Each structure stands twice: as C-alpha cells, then as structure tokens.
1. Using a cut-off of 18 Å between alpha-carbon atoms, which lysines can reach residue A:22, once sequence neighbours fewer than 8 places away in the same chain are excluded?
2. Mind listing the label-point distances from residue A:89 to the same position on all other copies, shortest first, one decimal in nm, points 7 Å along Cα→Cβ?
3. Report the percentage of all Cα-Cα pairs in region B:38-125 whose separation exceeds 16 Å, rounded to a whole percent.
4. How many Cβ atoms of partner chains, on average, are near each residue of A:100-107 if near means within 10 Å of its Cβ?
5. What list of ³J(HN,Hα) values in whole Hz, one per residue of region A:92-103 in order, does the Karplus curve 6.51 cos²θ - 1.76 cosθ + 1.60 (θ = phi - 60°) give from phi, with Gly and Pro shown as x?
6. Which of the residues in region B:49-63 lose at least 30 Å² of accessible area when you go from the chain alone to all protein chains together (probe 1.4 Å)?
7. Rounded to the nearest 100 Å², what's the accessible area chains B and A bury against each other, both chains counted, probe 1.4 Å?
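The values are calculated or read from the model by the stated rules, or taken from the named source; none is laboratory data. Quantities reported herein were computed from a predicted structural model and do not represent experimental measurements. Quick reminder, even Gly has a Cβ in these numbers, built from the backbone with ideal geometry, and neighbours come from all protein chains shown. Each accessible area value is taken on the protein alone, full model and side chains, heavy atoms only, with ligands, DNA and RNA left out. Shrake-Rupley method; radii C 1.70, N 1.55, O 1.52, S 1.80 Å.
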There are 2 protein chains.
Amino acid sequence: MEAIEHDKRKCPSHLSTGECVKRLLPVKDALDILSGKWKLQIILSLTFGKKRFKQIQREIPGLTPKMLSKELKDLEINELASRHVYDTSPVTVEYELTPYGKTLRPLIDELHKWGTKHRKRMIARE
Amino acid sequence: MEAIEHDKRKCPSHLSTGECVKRLLPVKDALDILSGKWKLQIILSLTFGKKRFKQIQREIPGLTPKMLSKELKDLEINELASRHVYDTSPVTVEYELTPYGKTLRPLIDELHKWGTKHRKRMIARE
DNA sequence: GGTATCGCTTTCCTGAAAGATACCGGTATA
DNA sequence: TATACCGGTATCTTTCAGGAAAGCGATACC
C-alpha cells in the first residue's frame, strides 16, 4: 500500500543532535531547581522575608525537618538562599533568598501565567 | 540571651495562606507538564515537525516504547500534541504539536534563559 | 525533675515511577 | 521460509524520592 510522505526533519539543519541535547541541558537545570514536592513552596515562603527553620516548617504543612533541611541545602548550593547562624543559645538560624534567588521571579511568573491558562482550559473542557 | 528580632511575615497581608497555595497550583501544573525525564525531549522533537512513533524513539536514545507511549498519551490528554492514524497497513501513526502545544515556547525559552545563566554561574564558580 | 523548643541528623521503610524484556498481529522484503 | 519493521502492550524488577519516627545537645520554662 502507498506509504505516506515523511520528511526526516529532526533538528533544524544547522543543529546537530548533540547540539539539540546541549540546548536542552540549561532547561533541565532550571526545571530541576523548581521541581520536587517542596522547593517551590519554600522559595515562595522565603520571598516574603527572612525565615527561621521552624517558621518555614510551620508554614508548610506536611514538610518534615529532613526534607526541609535537604531542600535548604540544595538552595544554598545553588546560591539561591543563604543561611545565617546567630550566636544565641540555642542557636538561631535564618534563611533568606539571595538577590540571585530573586531572579527566579520572572521565570516563576511565566510558569504561573501559562499554568493559569492551562488550568482554565482544562477546567473549561470538563 | 537576647533573641533576634523577627517579624512574622508569611504571605503578604492581603493573601491568606490558602490563597498562597492557590497561586502555587498553576505553577505546579506547568511544571508537571515539563518535568520528567522525557517530556521535554519529546516536545522538542515534535517542534521540528510531525513524527512517527519509532522516529521519535530513534531520536531519543534510551527511551523505551512504554515510556514514549505513556508520555505521548499525557501530551494528548493535555491537548499539547495530537495523534493521527492513517489507514495504511500496517497503520501509520503520526504525532504533532498542536497550536496550543506551541504556546509552551515562551515558557521553555524563559527556562532556557534562566538555566543558561545559572549554568554559567555554577561553572564559573567551579 | 519533667517537659518543651530549636535546628537539625540518622535510620528505616514504602509506594510509585521508570527500566528491561518479551510479545502481539499485520506487512514487506530477501 | 525467515527476518525486519510498525505501533504499541504486558509483565516483571529495580530505583529512588520522600515519609515516619527517634534522637541529640543546648537551653529555658514550670
């Protein structure tokens, strides 16, 4: 039987497959930083000001200290949040978004914009 | 010992905690659609034109038919991709990004932009 | 003395996602 | 006849993110 015409388009001709993958990497980096069950909530919580460990935990129901600790470390490693230890006793520890962390804002806004449209669309469809 | 001054900022005063969570939902929706090991690559592959099942699979090393099948279904459910079956034998099936699917573009670009900066920063730091 | 708070860490465990592998009917190709 | 392609599905196993619970040193409160 007659086959359908297929062109072999893969990547645009000026890009090799390898280059396509390379273009993908930064997108994955960004995605990694925001995905996961708690990251967004924690970032959001910190956008409203400095917070202490327990304070964040109390704000986010279900968040265990283990997870919070881990996520905060990730944020620190990526220089999105900073940790300040004060020599009180027992120690006081505060976390805060770095200026760099705040550069996530437009990205989150874009996600919010698209997500909102999508949500409406999916609900409208029923 | 003297405690440090803490304000109790949580959410901006005009937003309840519930409303904060609500603002989060659409962001998560968007994130869900893009995160995962294969979704981005599949979407990217489809931005370069209609593709057949095996064609996509060949383009993305390591992608099993089971995963591809599942991801394509997800894309269909979200109306981001469409499936066309042609009555040849054996059947020919083509997948393509819908116009709606193409609206993801600015979002992916934004992720790419931030991700690129972040990648540079992390590499520069060593 | 007993209990509570702070800021975690450690250990153990589970459910869900992802991977490996095999298979299916139908067709074309050698 | 046998082998390969197509578009998947079915089944089994592995991996791994994340949860539950306990503990820790230091302090403060009743």
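1. Once the sequence-local lysines are set aside, what remains near residue A:22 is A:10, B:37, B:39, B:113, B:117, B:120.
2. Between copies, matching label points for residue A:89 lie 8.6 nm apart.
3. Above the 16 Å cut-off, region B:38-125 has 58 percent of its Cα pairs.
4. 2
5. Working through the residues one at a time gives 10, 10, 10, 10, 8, 6, 7, x, 4, x, 6, 6 Hz.
6. Going by heavy-atom accessible area, the residues of region B:49-63 that drop by at least 30 Å² are B:55, B:59.
7. Its buried surface, counting both partners, is about 5700 Å².
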